[in-house]
Each structure stands twice: as C-alpha cells, then as structure tokens.
1. Once every Cα of region 141-205 carries one equal point scatterer and solvent is ignored, give the base-10 log of I(q)/I(0) from the Debye formula at q = 0.24 Å⁻¹, two decimals.
2. Return the loop-located chymotrypsin sites (Phe, Trp or Tyr not before Pro) in region 166-233 (DSSP other than H, G, I, E, B) with at most 13 other Cβ atoms within 10 Å of their own Cβ; answer none if there are none.
3. On the first, second and third principal axes, largest extent first, how far apart are the outermost C-alpha atoms of region 273-319 in Å?
4. Could you pull out the trypsin sites (Lys or Arg not before Pro) across region 153-233 that fall in loop regions by DSSP (anything but H, G, I, E, B) with no more than 13 other Cβ atoms inside 10 Å?
5. From the Cα trace of region 158-283, what convex hull volume per residue do you get, rounded to a whole Å³?
6. Pop out the carbon and sulfur fraction of the accessible area of region 46-88 as a percent, whole number, probe 1.4 Å.
7. Report the Cα centroid-to-centroid distance between region 252-295 and region 82-99 in angstrom, as an integer.
8. Roughly speaking, what is the centre-to-centre gap between region 118-136 and region 40-54 when only Cα atoms are used, to the nearest Å?
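The values are calculated or read from the model by the stated rules, or taken from the named source; none is laboratory data. Bear in mind the structure is a predicted one, so any value in this text is a computation, not a measurement. A quick note on method: Cβ atoms are made from the backbone with ideal geometry, for glycine too, and the neighbour counts reach across all protein chains shown. Areas reflect the complete protein model, heavy atoms only, side chains present, ligands, DNA and RNA absent. Shrake-Rupley method; radii C 1.70, N 1.55, O 1.52, S 1.80 Å.
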Amino acid sequence: MAEAEQQSGSTPEDEASKATDSVTFMVPKKEISMVPDMGKWKRSMAYADYIGFVLALNGAVKGKKLSCEYKVSETVQKLLDLLGTLDRWINETPPVDQPSRFGNKAYRTWYSILDQEAESLVFALLPEDTSAAAAEIAVYLKESVGNAVRIDYGTGHEAAFAAFLCCLCKVGALKVDDQLAIVFLVFNRYLEVMRKLQKTYRMEPAGSQGVWGLDDFQFLPFIWGSSQFVDHPTLEPRHFLEERVVDEQQHEYMFLECIKFINEMKTGPFAEHSNQLWNISAVPSWSKVNQGLIRMYKAECLEKFPVIQHFKFGSLLSIQPGKP
C-alpha cells in the first residue's frame with residue numbers, strides 16, 4: 001500500500017471508493033486452466049494488486065520489531081476474533097483414529113464448518129456499504145486454510161489469505177494505517193492457526209519441493225520477516241542458524257518464528273533438511289536476503305502454474321489486464 005501509493009499517487013481509501021463505486025461483486029472463479037494462461041495472470045490487475053500489496057507490507061515492516069507500537073483498529077480486532085474462532089473449532093474437532101499417519105480426516109469436518117460459516121464471518125468485517133462483497137471475499141478465506149480433498153496446505157493457500165486481506169483493503173475495511181497490524185497481528189495469528197492445523201491433522205505439504213524448497217508450508221513470513229531485520233545493528237543472516245539467537249529473539253522477528261517451527265518439526269542437520277534457508281544464511285545483508293526472497297517468491301510461487309491454477313478471480317482481484 002505504501003509503495004503502491006507512491007507509484008500511483010492514490011491511497012487505499014481512494015482505491016476502495018474506486019473499487020466499489022462501479023463494481024458488481026461476483027463469486028471468484030478459476031481462470032488459469034493451461035500453462036499458456038499464465039501470461040494472462042501476469043498481465044492481470046489481480047497480479048499487480050497482489051504483488052503491490054505484498055511489497056507495500058514489506059516496506060511497512062522494514063526495521064520494525066513485532067513489539068513496536070501500532071494502531072489496532074476495530075476491523076483488525078474482528079479479524080483476530082475470526083481467527084480465534086477457527087482455532088476454537090480445531091479444539092472442538094479432535095483428530096480421528098485412522099490407519100494413515102498423514103491427512104487426518106477430521107480436517108474435513110473442521111473445514112465443513114468453515115465452509116458453512118465463512119460468508120457470515122466475512123460479513124461481520126465489512127462496512128455496511130460494501131457488505132454485498134461478503135460472498136466474494138469469503139472464497140479467499142475458505143481457500144486460505146488448505147485443501148479438504150487432499151488434506152494439504154502450501155504457499156497457494158497462504159497466497160489466498162494475503163488475497164483475502166488485500167480484498168478487505170480494497171473495500172475499505174482495512175486502511176493504510178492498519179499495515180503493521182495486518183502483518184504483526186493478523187498474519188502472525190493466521191500462521192499460528194495454520195501451524196496448529198498442520199500439526200493437529202498432520203496435513204501434507206502441497207507441492208513441496210522438499211529440501212530444495214524454502215519451507216514446506218509458508219513463504220510470506222520469510223519475506224516480511226527478513227524486511228524486519230534490514231539495517232539491524234547486530235543480527236546478520238548467519239545468526240539465524242544459532243539456536244540461542246532463535247530462542248531469544250523469536251518473539252520479535254517473524255523470520256525466527258519460522259526457523260523455530262522448522263527446528264521443532266524436522267530432525268537432522270539444518271543444511272540437509274532446509275538447504276535453501278541454509279544457503280540464505282551466507283548472504284551478507286538482510287536487504288539482499290529480502291530482495292532475493294521477493295525474486296524467489298515471484299519465480300517459485302507466483303509464476304508456477306501448479307500454484308496459480310488454483311487462484312480465483314472476481315471483481316476485486318480481476319483477471320482483466322492491468323495498465324501497461
């Protein structure tokens with residue numbers, strides 16, 4: 001939002017009024033069905049809006065700790081309540097006994113509750129004049145928690161949650177001064193709930209590249225987390241391999257929270273189970289890490305057909321071509 005504003009000269013509030021003045025909301029649907037369709041995605045307004053949103057938040061959190069001061073708006077609090085509800089449903093839906101270790105079928109029961117309730121949960125977040133957008137935005141919420149058929153979760157589901165937040169900005173429910181709270185409170189709480197889902201129901205990683213991928217499940221917290229470290233006086237990329245640093249600083253930095261979770265979930269030498277991250281530890285500065293991760297995110301997630309074929313497009317995140 002911040003960077004996007006500087007480029008376009010408009011604020012999210014301006015964008016919200018423009019986005020909703022002449023729009024007929026619609027239930028988003030898939031548009032990328034073949035590899036050649038990927039060009040349509042990269043030229044679309046949705047792509048420009050999505051990457052602009054990610055980069056704006058990246059700029060907003062630069063050099064800031066999780067404990068820094070920021071505004072908590074009513075919508076942010078409602079989002080935290082919504083995520084608390086999803087968390088409570090996990091407690092109320094314990095895993096079932098089954099022969100297979102992975103993909104516990106109780107996840108489908110949990111998901112069916114969200115499927116029924118998502119639209120009313122989203123309706124409660126929206127300003128009255130854009131409440132008609134609830135059905136459209138609810139699709140991104142449902143897409144953000146994993147796949148109920150395969151019982152898996154990956155970066156495409158994470159992208160759906162970022163798209164969900166982007167849509168809330170476009171309709172004016174979230175505003176430019178919510179940026180820090182969006183990452184540090186809302187997205188962080190989302191990660192907690194997703195990690196609980198992954199652990200409770202033993203979800204499979206969707207499209208995992210194994211040791212050659214950055215992480216089995218997430219990507220965005222590494223981008224925003226590396227931005228938090230830019231210009232840090234003492235902590236360099238090499239330090240995240242040190243257990244003491246991770247234990248002492250994880251509550252202040254998203255990147256280290258992610259490393260902590262990997263260390264809990266995986267065994268063996270870090271260089272073997274998380275080779276890409278181990279390579280990143282050799283990069284000399286956090287700003288270079290941040291720039292490299294953004295390039296990698298575009299190449300490995302946003303430009304990969306197996307991820308984007310599942311992305312859905314509506315009136316707020318449109319497949320229509322953007323301005324050249």
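1. Log-scaled intensity ratios, in q order: -1.00.
2. Within region 166-233, no chymotrypsin sites (Phe, Trp or Tyr not before Pro) qualify (loop, at most 13 other Cβ atoms within 10 Å).
3. Each principal axis gives a Cα extent; for region 273-319 these are 42, 24, 12 Å.
4. Here no loop site has a sparse enough neighbourhood.
5. 121 Å³
6. 48 percent
7. First find each Cα centre; the distance between them is then 29 Å.
8. 23 Å
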